[in-house]
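Please read the structure below before turning to the comments.
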Amino acid sequence: MLAELGMVVAFYKYQGTGNDFIMIDNRRGGFPKADNQLISFLCHRRFGVGADGLILLEEDNSSDFRMIYYNSDGKPGSMCGNGGRCIVAFAKFLGIITKKAEFKAVDGLHNATINDEIISLQMQDVAEIMPKPNCLFLDTGSPHHVQMVTGLDAYSVLEEGAKLRYGIYGEGGSNINFVEQTSENEFAVRTYERGVENETMSCGTGVTAVALGMHYWGNAKSEKVNISTKGGELSITFNKGSKGYENIWLHGPAKQVFKGTIEI
């Protein structure tokens, strides 16, 4: 099937705190984006390029560009925060934007700013946080389970994350975040991501969910929360309003790793 397509596709690899993505400029169309098997192949770390997800940059009539995101299983995904920051860096590389952007993603419009290597992405407002026994659930563009643990470094994220992802949230699933407080307004996070079905080095919507959840619980007193992931440091700023959490921004680095071509 792959050989029959006979196309050579130019791609770029980006990473945001270790969360890595294949980026493809699809403004002229032509990429077979309904081919989930192909996308899964490209994301495979042994047989393809290797990534946590694949992102297409496309034209949009009402904003700078459109972000089309796929999980590494080849299926269309919900919003990806680190992927959103990476596509902003990609759009700057392509000359579409300079210091700021407005783009459309699966959950609506997003604004972003660029300050050297730091990409700040505005996330959607969060009106509801649902407490559960020993955990919280909220949607920051993707669904997230937030649970505090001790001994995070040695925690069985893959095993315990899979249990919760399937056992509590069923077929649709949820991303699972395990959190340990390290100091005032600072937390360490490890995330099991649905669609990847494994732990990732970082998750942008996940650390956003953790920051809001920790403030909701009273573990964070500030409206700026610093998060340490396996792939690096991120910060989240927000305002707590009468209708929930507003003006939510995810801040962190995003870098181009390499570029190449692959025959599909």
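Just a few scattered comments:
- In the set (1) farther than 15 Å from Gln122 by Cβ; (2) in contact with a His (Cβ under 6 Å, 6 or more places away or on another chain), the condition left unmet by Ser235 is number (1).
- Residue in region 207-231 that is nearest to Glu102 (Cα to Cα), counting only those that are part of a loop (DSSP other than H, G, I, E, B) and under 16 Å from the mean Cα position of the chain (by Cα): Gly231
- Residues that are in a strand (DSSP E or B), crowded, with 17+ Cβ neighbours inside 10 Å and either in contact with a Phe, Trp or Tyr (Cβ under 9 Å, 6 or more places away or on another chain) or among the aliphatic types (A, V, I, L, M) (or both) within region 232-264 comprise Leu234, Ser235, Ile236, Phe238, Tyr245, Ile248, Trp249, Leu250, listed in sequence order.
- Just one of (1) at pLDDT 95 or above; (2) farther than 20 Å from Gly81 by Cα; (3) out of contact with any Lys or Arg (no Cβ under 8 Å at 6 or more places or on another chain) fails for Lys259. It is (3).
- Taking every residue in region 4-28 that is among the basic types (Lys, Arg) and pairing it with any residue that is not in a strand (DSSP E or B), at least 6 positions away or on another chain, the pairs with Cβ-Cβ distances below 6 Å are Arg27/Glu59.
- Residue selected from region 136-161 under the condition surrounded by 18 or more Cβ atoms within 10 Å (Cβ to Cβ) and hydrophobic (A, V, I, L, M, F, W, C), by the criterion nearest to Val196 (Cα to Cα): Val157
- Neighbours by Cβ (under 9 Å, 6+ apart or cross-chain): first from region 142-171, under 14 Å from Val189 (Cβ atoms); second surrounded by fewer than 10 Cβ atoms within 10 Å (Cβ to Cβ): Gln147/Asn134; Met148/Asn134
- Of all residue pairs spaced 6 or more apart or on separate chains, those with beta-carbon atoms under 7 Å, a first member in region 54-67 that is without any contact (Cβ under 8 Å) to a residue 60 or more places away in the chain and a second member that is of a type in the set (Lys, Arg) and outside any strand (DSSP E or B) are Leu56/Lys33; Leu57/Arg27; Glu58/Arg27; Glu59/Arg27.
- Matching residues in region 33-45 - criterion: being surrounded by 13 or more Cβ atoms within 10 Å (Cβ to Cβ) and of a type outside the set (Gly, Ala, Ser): Lys33, Asp35, Asn36, Leu38, Ile39, Phe41, Leu42, Cys43, His44
- For region 200-221, filtering for residues that are among the small types (Gly, Ala, Ser), more than 20 Å from Val157 (Cβ to Cβ) and touching a strand residue (DSSP E or B) at 6+ places or on another chain (Cβ under 9 Å) leaves 1.
- The combined condition, being touching a helix residue (DSSP H, G or I) at 6+ places or on another chain (Cβ under 7 Å) and surrounded by fewer than 21 Cβ atoms within 10 Å (Cβ to Cβ), is fulfilled by Ile129.
- Of the strands (runs of 3 or more DSSP E) that lie entirely inside region 87-174, those containing 2 or more residues that are in contact with a strand residue (DSSP E or B) (Cβ under 9 Å, 6 or more places away or on another chain) and over 27 Å from Pro253 (Cα atoms) span 130-132, 135-139.
- Residues considered: Phe103, Phe41, Phe11, Phe93. Of these, the only one that is at pLDDT 95 or above, among the aromatic types (Phe, Trp, Tyr) and closer than 26 Å to Asp125 by Cα is Phe103.
The values are calculated or read from the model by the stated rules, or taken from the named source; none is laboratory data. Note that the structure is a prediction, hence the values are computed from the model and not measured. Counting neighbours? That spans all protein chains shown, and the Cβs are built from the backbone with ideal geometry, glycine included.
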